[in-house]
1. Could you please let me know if B:Gly148 is over 30 Å from B:Phe515 (Cβ atoms) and modelled with pLDDT under 75?
2. Within the stretch B:318-333, work out how many residues are within 17 Å of B:Ser392 (Cα to Cα) and facing another protein chain (nearest Cβ under 10 Å).
3. From A:Ala433, A:Ala425, A:Ala439, which residue is modelled with pLDDT of 90 or more and either among the hydrophobic types (A, V, I, L, M, F, W, C) or under 23 Å from A:Leu94 (Cβ atoms) (or both)?
4. For the stretch B:269-280, how many residues meet the condition of being open to solvent by less than 10 Å² (accessible area, probe 1.4 Å) and at pLDDT 95 or above?
5. So A:Arg260 ticks every box in (1) facing another protein chain (nearest Cβ under 10 Å); (2) surrounded by 15 or more Cβ atoms within 10 Å (Cβ to Cβ); (3) part of a helix (DSSP H, G or I) but one. Which box is left unticked?
6. Residues of the stretch B:195-224 being more than 9 Å from chain A (Cβ to nearest Cβ) and over 25 Å from A:Glu247 (Cβ atoms), which ones?
7. Give A:Val223, A:Val251 a once-over and let me know the one that is more than 23 Å from the chain's Cα centre (by Cα) and open to solvent by 30 Å² or more (accessible area, probe 1.4 Å).
8. Starting from the stretch B:109-135, keep only residues that are farther than 26 Å from B:Ala201 by Cα and open to solvent by less than 10 Å² (accessible area, probe 1.4 Å), then list their pairs with residues that are part of a helix (DSSP H, G or I) and modelled with pLDDT under 85 whose Cβ atoms are within a distance under 6 Å, requiring at least 6 positions of separation or different chains.
Amino acid sequence: MAMNRRQMIRMLGLGAGATFLSPWVERTLAPALGQTSAGRKRLIVFAVSGFEPSKFVPDEITSGRSQDKDSLPPAVSATSSFTWPEMFSPIEDLRDNAILIDGLTNPITGGSVLHGCGFGALTCQHPQGDAASLAPPRGASIDQYMAQTLSANAPKSSLIFGISHRAFSRGWDREASLFSAGTGQSLSHATKATVLRNEIVGLASPDMSADVEGDRRQALRDVLNDDFSRLRSKLAGPERERLDIYESAIVEFDRRFELRNAVSCDGTPSADNGSATRRLDTMMDMATVALECGLTNVVGVAVGTADSHDEHLPRYDGVGEIPVHDYGGSTYGNKMNQLHQYHWSLLRRTLDTLDQGDGPDDETYILYVSTRGTSLNSSHHAQLERWPALLYAKSSRVDLGGRFVRYPSRTRSFAELCRSVSQIAGVCPDGFATGGNVAGPVNGLLPEVVGSSQNACG
Amino acid sequence: LISVQRGAALVGALLFLSACSGVIGDPSLSPGGARDGSELPNVPTGSTIESLFACDAPTPAPSEARLVRLSGVQYARAVDVLRKGRSSNLNRDRSPGAVSSPFQGPNTADRFTTRATSYFIGEAEVESVLQSATAAAEELAAALTANGASCAAGGFDTDCARSLIAEKAALLFGKPLDDAELETYVALVDDNRVKSLGDEAAVATAMEALLASPSFLFRSELGEPVGDGTFRLTPFEIASALAYTLTDGPPDQELWDAAMDGSLADPDEIEAQVTRLLSSLDQSDVLERFIREYFQYDNVASVAKEIMEFPFHDADALAEDTDAFVREALRQAEGQDLLATLLLADWGFVQNATAESNGYSGSTSGSPEMVWYDSNERVGILTQPSWLVAFSQFDHNDPIRRGKFVREALLCGAIPPIDVSAVPPLVLSEDVPLRESLAEHVSNETCQGCHVLMDPLGLGFEGFDHLGREREMEAGLPVDATGEVTGTSDQDGPYEGTAELMAKLAASDTVRQCFVAHAYEFFRGTPRYQADGCALTDAHAALSDADGDVVAAIAAFFSSDEFLVRVPAEAK
């Protein structure tokens, strides 16, 4: 059924909490209209509160498999001779497209030692703390940085969403801290499936009367322009700039609104705000729809990454509560294993769906990261040492080789991984992670990741 | 309490915390912010209260003209008023409003979430702002054009549109539209691009334009020229500032009437309106929020604890207790000394989930109930478990941050920045009281410059552990909770235990001044400026004259020339 945007918004109101449909991947998508999929580059950044080292480090690499807070394990040269970790089993047959990375630092100086302070992906600055914590770089996280290029001509710059257990137990808006939300950070995110659906359908719905609606919006814009002009004449300096930011945002919104006419997303599933499993499941389905139909090319997902991870990890069906401080315990390790496996089952579903419509030049990148490293040299969890990550790249230009690599202590930073991902996706990272407040290397590119695409940016 | 195995980790933690760095010395807490946006250097020693309250200029310095973006709650309540009409009396409705906020949450990185310059409408929010405008406008238009409703019932025409737009715009913009503005919106209804869609759609588009207008989403403090190069806020701007700041919603009927008849231009009337709007302190969400942000106890949930070892710890419940404590303090402080009540109360709130944290053995229920403490040491809000945990580390006390809070938030002192790399690590052991370990590094010349400003204040809370429980022993020795207050004009000297520390702080005029300075920052939504020393001085005097009634200080803020007189931002 085709309907205009207003009708869709009304429908959303009625549809909140509607029945969960069968997984979207079971259905056939309508082909995107007016938009070629050739050469598309897509990025998914997925951040999770915690990796269990014993499950992340392959069995054959015995050192560094425990939660030893007092020592750093030795570096490991890139190797592909290992048993694929069970936590990533859903993509074991695709392991050649992935690399496991250990030993990165995430060296933000100052501020709190709390969670959610990672630099570079989703949470690139301290979501709370004192003003000094917000010193540069404080710019866009890697997903937002790359979205400026990858989604420049998509109706939606990016979709960003996440889930947390605690947020649903009390009225406080803790969900906000799933992502950075400080000054200078521009992120709009959803923590409820209905909200994400609103964002998707609100832009993606086909409009029967696009011309009429366009004319109406132009008339409305003409009035607003008068209003902006009146106010602007009374303002100066930074106050005028604040007004200009709003006006520019409207212009950009209108530009992307027009782009929706070139996109047709069919079969967007109903939102489900039920259990954590259902929420994430349905939101990932929606994100897959959005990636497939060209609504956006960048998706960010945060799971349990709020400041304090006590009880923040979602309680998935069949997993339940995870004793987050029972490091090294079998219950903690096994449950974390289940948690990561579930995430990768969702990501695999997305990859399979995208593959169906992909051409030979299409590329998909997944950066799967912890929101923290292990607990060395700080009380509780420092954002310093052994930042674990898995990078997946489906690209004819990239060969990650299914390897595991551990860098020597404090020699390579997580920001470098972010810059490498950007580089291999053809987005020059020159403007990312520049500036201070980072006490480690940020400018290098990881050879194991970048490989032959090192000169892609010239 | 502190295991040897954790020692290595604690080295880093205390290195971090003990660092005399600019990170510890939060520039936003210093009085050094200049009006031109630059930060003046921190004063490296003791209290800076005198410079903060300096009032030696011949005339008050005007503030800058500015826009203040509505908060999410303010937006929702304004839309409610658009639907229901202006409230005829004080709005005590604590509901967030029928529509959801189109904005992201408050910026918690600022000292207070009310700092106006932190809020924009950028790409991340514009979509939800415009969608909210569309949805609200359509609902409103349907009601306005329904049979029997409004002027449209007799047949919709231009005059009807003009009437509807004038009425609704006044509610949203906080002022009557002038003729030119009004006709702009009326012309939209008559625009062929809109008119062809039908009456309801035309009205909806006009309402959508109002709801998306920067004149609604940003309330203005611009003023009208008075001939000497400065501008004076209009009564309507004053009404909106008071209403949104003090009640989180648009002006009620009485405030609007005072703006309409011009009486609100009189500072005495402003004071009267502030007093009216805050006539029931315990009903004030805004005052409650100020105290929560001032004391920062809701950070309790951000400090992780070993829940396997301490299953009784419930951060949310602890914060709920203190929320209840604050409401009761506001109730008791009606016309009384609020700060003294907050600092000296010998009662609190306890529930099942927090009894152990409070060391309370009496009967409790599932919700916070008022109790009187047996302890002589649990006195006031800084001994609430929520505050003690909020200023603790994962598994030990944090006297440095506790002392830093007292120095900066209660004494308005500044912590000087020092190169963190020059600070030697501090090793902790479960066999050594924390005080002794701290003494080692305080004796170091590199560190003592700032730690002498923090540790002697923070160690006064050593009678409590990192979970907020009272204790008598640490590392096998009796707890030593002695210290020394410095940097006040009247209460410097040694103390023994938390109760004595609280008594000194509550009796200090420096603390009272600092409280006023923070209230000014919160309610004005600006950083504290040295140039506002006269306004702060007057507000402090008003607070003293009113025996500590905080309403008197707030009324002084809004009746001061520093608030009422403006200059364009670029003139600075």
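1. On the way: over 30 Å from B:Phe515 (Cβ atoms): yes; modelled with pLDDT under 75: yes.
Here the answer is yes, as B:Gly148 does meet what is asked.
2. Qualifying residue count for the region: 1.
3. Working: A:Ala433 fails: modelled with pLDDT of 90 or more; A:Ala439 fails: modelled with pLDDT of 90 or more.
Of A:Ala433, A:Ala425, A:Ala439, the one residue that is modelled with pLDDT of 90 or more and either among the hydrophobic types (A, V, I, L, M, F, W, C) or under 23 Å from A:Leu94 (Cβ atoms) (or both) is A:Ala425.
4. Initially, the stretch B:269-280 is screened for residues open to solvent by less than 10 Å² (accessible area, probe 1.4 Å), giving B:270, B:273-274, B:277-278.
Narrowing further to those that are at pLDDT 95 or above: B:270, B:273-274.
Number of matching residues: 3.
5. Answer for A:Arg260: the failing condition is (1).
6. Across the stretch B:195-224, the qualifying residues are B:Lys195, B:Gly198, B:Asp199, B:Glu200.
7. Details: A:Val223 fails: open to solvent by 30 Å² or more (accessible area, probe 1.4 Å).
Sole residue among the options that is more than 23 Å from the chain's Cα centre (by Cα) and open to solvent by 30 Å² or more (accessible area, probe 1.4 Å): A:Val251.
8. Listed pairs, sorted by first residue: B:Ala109/A:Leu134.
The values are calculated or read from the model by the stated rules, or taken from the named source; none is laboratory data. What you see is a predicted model; the values in this text were computed from it and never measured. For neighbour counting, all protein chains shown are included, and Cβ atoms are generated from backbone atoms with ideal geometry for every residue, glycine included. Remember, those area values only see protein heavy atoms, side chains included, never the ligands or the DNA or RNA. Shrake-Rupley method; radii C 1.70, N 1.55, O 1.52, S 1.80 Å.
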